[in-house]
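The values are calculated or read from the model by the stated rules, or taken from the named source; none is laboratory data. The structure displayed is predicted, hence computed values, not measured ones. As a convention, Cβ positions derive from the backbone with ideal geometry for all residues, glycine included, and neighbour counts pool all protein chains shown.
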Amino acid sequence: MIFLVLMAITGELGSGKTLTLTYLAWRNHTKKGMNIYSNYSLFGIPYRKVDCLMKLEQMRNGFFAGDELWLWLSGLGSSLLEKVTADILLKSRKRGLTYAFTTQTIGQIPPRVRKVVDFTVYPIIAASDTLCKVLIFQGPKPDMHSHLKTLYFKTKPVFAMYNTREEVSPLKQASSVPFEEIFESLRDLEKEEEKDEYKVI
């Protein structure tokens with residue numbers, strides 16, 4: 001499996017961004033059987049919680065639900081954020097990952113990522129809060145020509161899958177290991193992956 005999909009879910013506060021992100025995680029698990037990773041708590045969906053850099057780097061073959069992803073990653077500092085961004089863009093293609101993330105504006109996404117966003121998603125919750133309309137566009141600049149599809153889902157079962165009051169915890173180190181040691185161990189892991197690429201099965 002070789003692919004990388006970047007999906008930005010954007011909108012104002014209360015527009016249904018995290019609700020839609022959770023729905024997409026559920027949809028990708030139930031309809032496609034994908035492994036689910038998330039930086040916030042999910043209920044009723046088998047998933048792996050990503051709360052440290054090591055776990056973020058270890059993700060393979062699945063769907064990552066990142067609530068306010070770039071704000072969450074910004075706590076790493078500029079140099080580490082640059083490394084993680086490069087890792088997402090350059091290495092995740094071979095790791096079979098889809099990154100879906102919420103952001104209040106497209107401008108909050110790092111420029112190099114913004115240019116290669118595959119899909120932009122705009123959720124619209126009905127006044128009754130019972131139904132959500134999801135507009136999906138191709139690329140980072142939505143317009144009438146790039147509109148791909150519209151999804152609808154009932155909100156009640158999805159609201160039960162996450163805590164609307166939960167604040168995403170800051171990204172931390174694994175087992176208090178310095179970031180330098182984490183990246184060193186990841187380089188070793190990448191060398192092993194490169195060797196595996198050339199094995200004849």
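Evaluate the following for residue 119: is it farther than 20 Å from residue 40 by Cβ, within 14 Å of the chain's Cα centre (by Cα) and not polar (S, T, N, Q)?
Considered against the rule, which asks whether it is farther than 20 Å from residue 40 by Cβ, within 14 Å of the chain's Cα centre (by Cα) and not polar (S, T, N, Q), residue 119 comes out as yes.
If you take the residues in the range 142-201 that are at pLDDT below 85 and β-branched (Val, Ile, Thr), which one is nearest to residue 54 (Cα to Cα)? The selected residue is 182. Evaluate the following for residue 37: is it surrounded by 17 or more Cβ atoms within 10 Å (Cβ to Cβ), part of a helix (DSSP H, G or I) and either in contact with a Lys or Arg (Cβ under 9 Å, 6 or more places away or on another chain) or touching a residue at least 12 places away in the same chain (Cβ under 8 Å) (or both)? For residue 37, the condition - surrounded by 17 or more Cβ atoms within 10 Å (Cβ to Cβ), part of a helix (DSSP H, G or I) and either in contact with a Lys or Arg (Cβ under 9 Å, 6 or more places away or on another chain) or touching a residue at least 12 places away in the same chain (Cβ under 8 Å) (or both) - is not met.
Within the range 69-179, which helices (runs of 4 or more DSSP H) (wholly inside it) include 3 or more residues that are on the phi < 0 side of the Ramachandran plot and touching a residue at least 60 places away in the same chain (Cβ under 8 Å)?
78-91, 155-159
The one condition from (1) under 19 Å from residue 110 (Cα atoms); (2) outside any strand (DSSP E or B); (3) not small (Gly, Ala, Ser) that residue 9 does not meet is (2).
Filtering the range 43-68 to residues that are touching a strand residue (DSSP E or B) at 6+ places or on another chain (Cβ under 6 Å) and free of Cβ contacts under 8 Å to residues at least 60 places away in the same chain leaves 47, 48, 50, 59, 62, 63, 64, 65, 66.
Criterion applied to 131, 53 was being closer than 23 Å to residue 10 by Cβ and either of a type outside the set (Asp, Glu) or surrounded by 15 or more Cβ atoms within 10 Å (Cβ to Cβ) (or both), and the one residue passing it is 131.
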